[in-house]
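Participant: Please find one structure pasted underneath; my questions will follow.
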Amino acid sequence: MGDEANCTATFNGNTTKGKARLEAETLEFRAPDVRVSIPFKQITSVTARSGALAVASARGTISLTLGDSAEKWAFKIQHPRSRLEKIGVKPEWRASAVGVDDDGFLKELEAAVAELAIGRVLNESDAIFFGTTTTAQLSRFERLKRSLKPNGALWVIRPKGRPEISEQAVMAAGKAAGLVDVKVVSFSATHTAEKFVIPVKNRAKHLYLGARAGRIVDR
């Protein structure tokens, strides 16, 4: 989730109170009479001074009274994190990707980790990236979980704003599989990624069951 703040905004000569949100790739402001969404790539200048954040684009300049957060927001706009950084990818990872229809991400991930299986799931994965488009596909959670390391993560990548695969359905499937959701990131302009992990209290049991079952590969 992005940073957010209730604040006063001045935009094109109008001043109003509302909520500002700093997402992965956009700055947004919502009020009853104003709705502004500015992609970072369209921003021409950013300044933070005396608790106010001023962001200029072709649409004009919006000034947000953010107090102590103004400089932090300015830095994040000027230095956006990559999605690998948001996910927390580590070079020693043994990772798997199934159903992920994003060649750019797969190339980035393959270059960043020690081992990546595409189209199949490695036993003892540090992370499994599971691309899904329908609620029916969520039944695979339990099987995917078996191939995780006890401290590993299942990242569910789903399209935004699609009724056939809602956030509520993903959360319910994770809970049913004995997983807890700990993080949500904007994966791209069209997709969201939700991170699920095995609860700490259940990790020793997961390790024991995995040792008894032996190698598990989900194709």
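Here, each number is a calculation from the coordinates, and none is a lab measurement. Note that the structure is predicted; figures quoted are calculated from it, not measured. Quick reminder, even Gly has a Cβ in these numbers, built from the backbone with ideal geometry, and neighbours come from all protein chains shown.
Participant: Name the residue that is surrounded by the most Cβ atoms within 10 Å (Cβ to Cβ), counting only residues in the range 134-163 that are of a type in the set (Val, Ile, Thr) and touching a strand residue (DSSP E or B) at 6+ places or on another chain (Cβ under 6 Å).
Facilitator: To start, the set of residues in the range 134-163 that are of a type in the set (Val, Ile, Thr) comprises 134-135, 156-157.
From what's left, touching a strand residue (DSSP E or B) at 6+ places or on another chain (Cβ under 6 Å): 156-157.
Values: 156: 28, 157: 22.
The extreme case among them is 156.
Participant: Count, please, the residues in the range 171-184 that happen to be surrounded by fewer than 18 Cβ atoms within 10 Å (Cβ to Cβ) and either part of a loop (DSSP other than H, G, I, E, B) or touching a helix residue (DSSP H, G or I) at 6+ places or on another chain (Cβ under 9 Å) (or both).
Facilitator: The total comes to 7.
Participant: Which ranges mark the helices (runs of 4 or more DSSP H) fully within the range 68-170 that have 2 or more residues being more than 15 Å from the chain's Cα centre (by Cα), closer than 30 Å to residue 56 by Cβ and touching a residue at least 60 places away in the same chain (Cβ under 8 Å)? Give the steps one after another, and end with the answer.
Facilitator: Working: elements: 70-78, 83-87, 103-112, 141-146.
Where helices (runs of 4 or more DSSP H) fall fully within the range 68-170 and carry at least 2 residues being more than 15 Å from the chain's Cα centre (by Cα), closer than 30 Å to residue 56 by Cβ and touching a residue at least 60 places away in the same chain (Cβ under 8 Å), they are 70-78.
Participant: Suppose the filter is in contact with a helix residue (DSSP H, G or I) (Cβ under 9 Å, 6 or more places away or on another chain) and under 27 Å from residue 193 (Cβ atoms); does residue 39 pass it? Working first, answer last.
Facilitator: Numbers: in contact with a helix residue (DSSP H, G or I) (Cβ under 9 Å, 6 or more places away or on another chain): no; under 27 Å from residue 193 (Cβ atoms): yes.
Answer is no for this residue.
Participant: Which residue is surrounded by the most Cβ atoms within 10 Å (Cβ to Cβ), if the candidates are limited to the range 1-25 and must be out of contact with any Gly (no Cβ under 9 Å at 6 or more places or on another chain) and aliphatic (A, V, I, L, M)?
Facilitator: The extreme case among them is 20.
Participant: Then there is this: Out of all the residues in the range 26-39, is one or more surrounded by 16 or more Cβ atoms within 10 Å (Cβ to Cβ), under 24 Å from residue 185 (Cα atoms) and hydroxyl-bearing (Ser, Thr, Tyr)?
Facilitator: yes
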